[in-house]
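The values are calculated or read from the model by the stated rules, or taken from the named source; none is laboratory data. Keep in mind that this is a model prediction, so the values were computed, not measured. Note that each Cβ is placed from the backbone with ideal geometry, even for glycine, and that neighbours are counted across all protein chains shown. Side chains included, ligands, DNA and RNA excluded: accessible areas come from the protein's heavy atoms. Shrake-Rupley method; radii C 1.70, N 1.55, O 1.52, S 1.80 Å.
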Amino acid sequence: MPDLSRALQECLEAVERKRNLPEVLRRYPGDRDELVALLRLSVDLGGLGAPAPDPAFRLRARNRMLAAAAQRRQARSRSPFGSWPRPAVRLAFAGAFAVALVAGGLTAAAASGSSLPGDPLYSVKLGAEQARLTVTLNPADRARLQLHFADVRLVEAQRLFAVGRTQDAVRLVNQYGAAVAQFDRSVASSALDTRASDALSRYVAERQAQADASLDAIAGSLTAGGDAQSAEIVSRTHSHVDQAFNGSKRDLATRDQGSQQTSHPAKPAQGDH
């Protein structure tokens, strides 16, 4: 029976040291899904704002996770779920295990969804977002998630402007711009196939149109209220965001054209031999 302790430890170290987690998982192809399930629990616990446990507790918790995985492996052959596809069994196991371990933390994460900077649960919200990004290994899904969380910052900024927290709102607008720039860099460095590039390109165009409307409205409102300095900051961020979005769309279009040229090479002219 395989021992997952070393594999799980390597995965946790890759996350903590910001190394290449997919490369570590590729070394354990037979246990990849189970490691991701265990890793997701570990990251969720750390990202939900809970205080760090002492080393002895962490060791006991990890051993319990591994023991539960080992017991599940032993019971597979005699379990009524033995005929289920392995991914379905693993999903059911991970779901039940998650409920047992992080019910309280997940409740906090759900409650933090509407929180704003300065609220007690806002750090939980950011931690949950980072946890989802950490365990999202597909490049296209990860890029889409990055852009979704960038949109969350913009929505938060609009809510803060509405209640008069202008300085905090301006900071969030700047964070939104930085997040879109990070998305652009991720797109440039990710390996995406034609279908993923097409889908992401449409999503980028949709989000850019929404951002244009939102940022124009924010800048106009600030100007009308006499806050020309904040309006200028928002307009400058809007310009940078447009540049990033346009760069992402060009990059995705170039990949699509390259794939088409590879799939349909030019035919030789008639008469060539």
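Note on the stretch 175-205: among residues that are more than 15 Å from VAL155 (Cβ to Cβ) and either free of Cβ contacts under 8 Å to residues at least 12 places away in the same chain or open to solvent by 70 Å² or more (accessible area, probe 1.4 Å) (or both), the one that is nearest to the chain's Cα centre (by Cα) is GLN182.
Sub-6 Å Cβ pairs linking a first residue in the stretch 144-156 that is in contact (Cβ under 8 Å) with a residue 24 or more places away in the chain to a second residue that is part of a helix (DSSP H, G or I) and of a type in the set (D, E, K, R), at least 6 apart or interchain, are LEU147/ARG207; PHE149/GLU129, ordered by first then second residue.
Could you list, in sequence order, the residues of the stretch 214-252 that are under 23 Å from the mean Cα position of the chain (by Cα) and among the aliphatic types (A, V, I, L, M)? Those that are under 23 Å from the mean Cα position of the chain (by Cα) and among the aliphatic types (A, V, I, L, M): VAL241, ALA244, LEU252. Going through (1) open to solvent by 20 Å² or more (accessible area, probe 1.4 Å); (2) modelled with pLDDT of 65 or more; (3) of a type in the set (Val, Ile, Thr) one by one, VAL24 falls short only on (1). The condition of being open to solvent by less than 30 Å² (accessible area, probe 1.4 Å) and at pLDDT 90 or above holds for ILE218.
Modelled with pLDDT of 90 or more and of a type outside the set (D, E, K, R): which single residue out of GLY177, GLY105, GLY127 fits that description?
GLY177
Tell me, please, whether a residue that is surrounded by fewer than 15 Cβ atoms within 10 Å (Cβ to Cβ) and modelled with pLDDT of 55 or more can be found in the stretch 139-147. Yes: one or more hits.
For the stretch 222-241, which positions are in a loop (DSSP other than H, G, I, E, B) and either in contact (Cβ under 8 Å) with a residue 12 or more places away in the chain or open to solvent by less than 60 Å² (accessible area, probe 1.4 Å) (or both)? Reasoning before the result, please.
Residues of the stretch 222-241 in a loop (DSSP other than H, G, I, E, B): 225-227.
Listed by number, the list holds a single entry, ASP227.
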